[in-house]
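The values are calculated or read from the model by the stated rules, or taken from the named source; none is laboratory data. Every value quoted in this text rests on a predicted model; they were computed, and no experiment measured them. Cβ coordinates were reconstructed from backbone atoms using ideal geometry, including for glycine residues, and neighbour counts include every protein chain displayed.
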Ligand SMILES: Nc1ncnc2c1ncn2[C@@H]1O[C@H](COP(=O)(O)OP(=O)(O)O)[C@@H](O)[C@H]1O
Ligand SMILES: [Mg+2]
């Protein structure tokens, strides 16, 4: 479960002055459902998700993740979150096994537990053949699988995906989408940010449209279509953004 | 703070760094070869140059002297000089190193000698040029001997004792221990090299573990883990410190090895300070300063370097943390290298001695105290003061590193 209340993040930038990257965002993501955060580049998706993963402190507002407050219980929040972003890379000089084991240890798991979980994940993700090779020699598909195993080693209740298919080829992107669905089926709370309409259509149970740091529309795909009188999500999106810009 | 987590981070960083070629270069390979190179290089060059200059019999031209056959023939008979006929442009010949020096016997020299007012003899040489200076000194010694001979001949003529003109003798004797003799020359360079290697040993791991991680995108991955930030900083910091201390230990080890092997190899039996006395003395007698190192001094240096290594590790870590890429980090840390070298260079300058004020100046104090310890001098009150002040600086730098790591505008700098 994720609950965000009035999350705001302001950056001070020398050239641009104050940037309201996230501006009063409130929403609720529930277990066994995928919450989609849809927005263009610079809309504030990454900043929002980083606040939920406690990588950034909210300027104002609060959020709880898996029942823990992001501001005051950051460590517990991180222990219950799996965070996967295009920007979360692997240690190139470690092997996949070393990488996953390292994150198991950082999550406080014992050696036997790590071994057992790693074996299961490697089978599920079909990683056995490259488990003992160094990550810098991996294809994008192998990297992505290793990253997924890294986020899952501590079996988090909440999964946060920040544009995880960015820059991936079609097949790898598809396997990610399949994996996100699996997380939902296991009853995890999933939040998924993207700017790709088709991914939202395929995956998300609830959609939040974010623009200029503000959450300007929220609902299921059917609700949004009905409200704006368009079938094509892209058209819906453009209408929402256009209405927001007129304010 | 959680010791287990710190250890987990440290072990991972150590393993990771051992697979990084740049770190291996700066922490192991360079420190291992720089000391032997310096030792063999400097000593070998010095020895060859000195002995070649001394063994050479300098060519000297006599200018004038046609009416003073006595001194001219004495010069020609001297085994230490090779008298050549003066070329027309003898000054140019000295500049061109075809001629080492020239000696001018003025007209009427021997005639003047008889009546008691001889004109001045002049020696011409190219000052600052080693071999030319040697030639001039040889001529000087020859003339001094000739003058003394003249005096004692005259005394004998008048039936007077030699002691009339030389009522007493004197002699200069060295009281500095042989370590000090070698220590001052070599001991001046050693702290300098140690400070540089200590910094460069910290520099590469620091860049790799901070800016490098940001650049490769692994920093965000790491920060997603539930480990407290302070544990991550300390684990990483320990790795940087390992780099710094590793470089120092390898340097000192290779220096000790070189001094042992090299000493006996080059000088015929100049072990450590214990046996170095005789060797140093003979070396000194030949005009060559033999580097000898007190092994206790090496241990002292190592102990003094530890807080400075902590300081360097924390500073390099903090500075590199600001950078977004390895390149950017390099552009911050490379100029810092100069800042670091400066106090070390001042420490080498002759005449700068430790006092209470200088003992509080970071790096300069290390450079000065290392020089002393390597030459067998132990000023315990300064040593304590320097160690304590270094620890204070190191602690301040480390707490700054932790503070910076907790700042999101440093870690996620746009
Ligand atoms: N660390 C930062 N410092 C300054 N500005 C930032 C920083 N991070 C993001 N921003 C700005 O905040 C806005 C939102 O960025 P972001 O959350 O990355 O958007 P998205 O992920 O939707 O593309 C952008 O204008 C971006 O330039
Ligand atoms: Mg983004």
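Checking each residue of the range A:109-124 against the condition of being closer than 20 Å to residue B:6 by Cα, facing chain B (nearest Cβ under 10 Å) and away from ligand 2 (no atom under 16 Å from the Cβ) gives no match. Restricted to the range A:36-76, and to residues there that are closer than 13 Å to residue A:191 by Cα and more than 15 Å from ligand 1 (Cβ to nearest atom), the residue that is surrounded by the most Cβ atoms within 10 Å (Cβ to Cβ) is A:65. Of all residues assigned to the range B:24-35, at least one qualifies as being within 14 Å of chain A (Cβ to nearest Cβ) and closer than 30 Å to residue B:218 by Cβ.
The condition (being modelled with pLDDT of 95 or more, part of a helix (DSSP H, G or I) and more than 14 Å from chain A (Cβ to nearest Cβ)) is satisfied by just one residue among B:185, B:197, B:238: B:238. For the range A:53-94, a residue qualifies if it is facing chain B (nearest Cβ under 8 Å) and in a loop (DSSP other than H, G, I, E, B), and the qualifying residues are A:53, A:55, A:56, A:57, A:87, A:88, A:89, A:90, A:91, A:92, A:93, A:94.
Residues that are within 16 Å of ligand 1 (Cβ to nearest atom), closer than 23 Å to residue A:208 by Cβ and either outside any strand (DSSP E or B) or in contact (Cβ under 8 Å) with a residue 40 or more places away in the chain (or both) occur at least once in the range A:150-161. Can you run down the residue pairs with Cβ atoms below 9 Å, 6 or more apart or on separate chains, where the first is in the range B:44-55 and within 16 Å of residue B:97 (Cβ to Cβ) and the partner is surrounded by 14 or more Cβ atoms within 10 Å (Cβ to Cβ) and at pLDDT 75 or above? From the range B:44-55, the pairs are B:52/B:131; B:53/B:131; B:53/B:133; B:53/B:134. Applying a threshold of 8 Å to beta carbon distances and a minimum spacing of six or more residues, or different chains, the list of pairs starting in the range B:383-404 at a residue that is farther than 15 Å from residue B:233 by Cα and ending at one that is surrounded by fewer than 17 Cβ atoms within 10 Å (Cβ to Cβ) and at pLDDT below 95 reads B:385/B:356; B:385/B:360; B:387/B:303; B:389/B:360.
Within the range B:14-41, the set of residues being free of Cβ contacts under 8 Å to residues at least 60 places away in the same chain and within 26 Å of residue B:190 (Cβ to Cβ) comprises B:24, B:29, B:37, B:41.
Report, by residue number, each residue of the range B:389-414 that is within 16 Å of ligand 1 (Cβ to nearest atom) and in a helix (DSSP H, G or I). B:404, B:405, B:408, B:409, B:410, B:411 - these are the residues of the range B:389-414 that are within 16 Å of ligand 1 (Cβ to nearest atom) and in a helix (DSSP H, G or I).
Residues being closer than 30 Å to residue A:133 by Cα and away from ligand 2 (no atom under 16 Å from the Cβ) are entirely absent from the range A:3-18. Tell me, please, whether a residue that is in contact (Cβ under 8 Å) with a residue 12 or more places away in the chain and either within 16 Å of ligand 1 (Cβ to nearest atom) or within 12 Å of the chain's Cα centre (by Cα) (or both) can be found in the range A:130-146. Within the range A:130-146, not a single residue is in contact (Cβ under 8 Å) with a residue 12 or more places away in the chain and either within 16 Å of ligand 1 (Cβ to nearest atom) or within 12 Å of the chain's Cα centre (by Cα) (or both).
Can you pull out the residues in the range B:373-382 that are touching a residue at least 60 places away in the same chain (Cβ under 8 Å) and part of a helix (DSSP H, G or I)? Correct list: B:373, B:374. Restricting A:28, A:50, A:97 to residues that are away from ligand 2 (no atom under 16 Å from the Cβ), within 14 Å of chain B (Cβ to nearest Cβ) and either outside any loop (DSSP other than H, G, I, E, B) or under 30 Å from residue B:3 (Cα atoms) (or both) narrows the list to A:97. Please verify whether residue A:190 is buried (at least 21 other Cβ atoms within 10 Å of the Cβ), more than 14 Å from chain B (Cβ to nearest Cβ) and in a strand (DSSP E or B), treating the condition exactly as stated. Against the criterion (buried (at least 21 other Cβ atoms within 10 Å of the Cβ), more than 14 Å from chain B (Cβ to nearest Cβ) and in a strand (DSSP E or B)), residue A:190 qualifies.
When the residues of the range A:2-14 are narrowed to those that are over 13 Å from residue A:69 (Cβ atoms) and either assigned to a strand (DSSP E or B) or more than 10 Å from ligand 1 (Cβ to nearest atom) (or both), which ends up farthest from the other protein chains (Cβ to nearest Cβ)? Top of the filtered list is A:6. Would it be correct to say that residue A:163 is within 16 Å of ligand 2 (Cβ to nearest atom), more than 12 Å from every other protein chain (Cβ to nearest Cβ) and farther than 25 Å from residue B:10 by Cα? So residue A:163 passes the test. Every test in (1) closer than 14 Å to residue B:195 by Cβ; (2) modelled with pLDDT under 85 is passed by residue B:364 save one, and that test is (2).
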